[in-house]
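Have a look at the structure below before the remarks.
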Amino acid sequence: MSTCEHVAELPADTPSPRTPEGCEDCLAEGSRWVHLRLCLTCGHVGCCDSSPRRHATAHFEATGHPIVRSFEQGEDWRWCFVDEQLV
Ligand SMILES: [Zn+2]
Ligand SMILES: [Zn+2]
Ligand SMILES: [Zn+2]
């Protein structure tokens, strides 16, 4: 059982990705990403911790938005940054 309380605070509908073509911040900087994560609070698309710039984690640290899901095809897991667990 998940102990994450943040799932219940997410919007009822998954927000549309703001930049479906890739990491919003990498696109702005011209940097590259490895894998993508979608913020389930606001629709920010950021890159994973295997990417050089780690924008998904940076987005959490800047905004406090707790949960991302994988934005990779065929993956539907969610990760809570606060609890540091799959939710
Ligand atoms: Zn949580
Ligand atoms: Zn990035
Ligand atoms: Zn967000």
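None of the figures in this text is laboratory data; all of them are computed from the coordinates on show. Worth saying up front: this structure is predicted, and the values here are computed from it rather than measured. When we count neighbours, we look across all protein chains shown, and the Cβ atoms used for this are built from the backbone with ideal geometry, even at glycine.
Is it the case that ALA62 is surrounded by fewer than 20 Cβ atoms within 10 Å (Cβ to Cβ), without any contact (Cβ under 8 Å) to a residue 24 or more places away in the chain and either within 14 Å of ligand 3 (Cβ to nearest atom) or assigned to a strand (DSSP E or B) (or both)? Talk me through it step by step, then tell me what you get.
Details: surrounded by fewer than 20 Cβ atoms within 10 Å (Cβ to Cβ): yes; without any contact (Cβ under 8 Å) to a residue 24 or more places away in the chain: yes; either within 14 Å of ligand 3 (Cβ to nearest atom) or assigned to a strand (DSSP E or B) (or both): yes.
Criteria met by ALA62.
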- [ ] May I ask you to list pairs of residues, at least six apart or on different chains, whose Cβ atoms are under 9 Å apart, with the first in the stretch 1-26 being more than 19 Å from GLY46 (Cβ to Cβ) and the second being in a loop (DSSP other than H, G, I, E, B) and hydroxyl-bearing (Ser, Thr, Tyr)?
- [x] GLU9/THR41
- [ ] Mind listing whichever residues of the stretch 41-69 are within 13 Å of ligand 1 (Cβ to nearest atom) and over 17 Å from ALA8 (Cα atoms)?
- [x] PHE60
TODO: Please enumerate the residues belonging to the stretch 1-25 that are over 14 Å from the mean Cα position of the chain (by Cα), within 16 Å of ligand 2 (Cβ to nearest atom) and either part of a helix (DSSP H, G or I) or surrounded by 11 or more Cβ atoms within 10 Å (Cβ to Cβ) (or both).
DONE: none
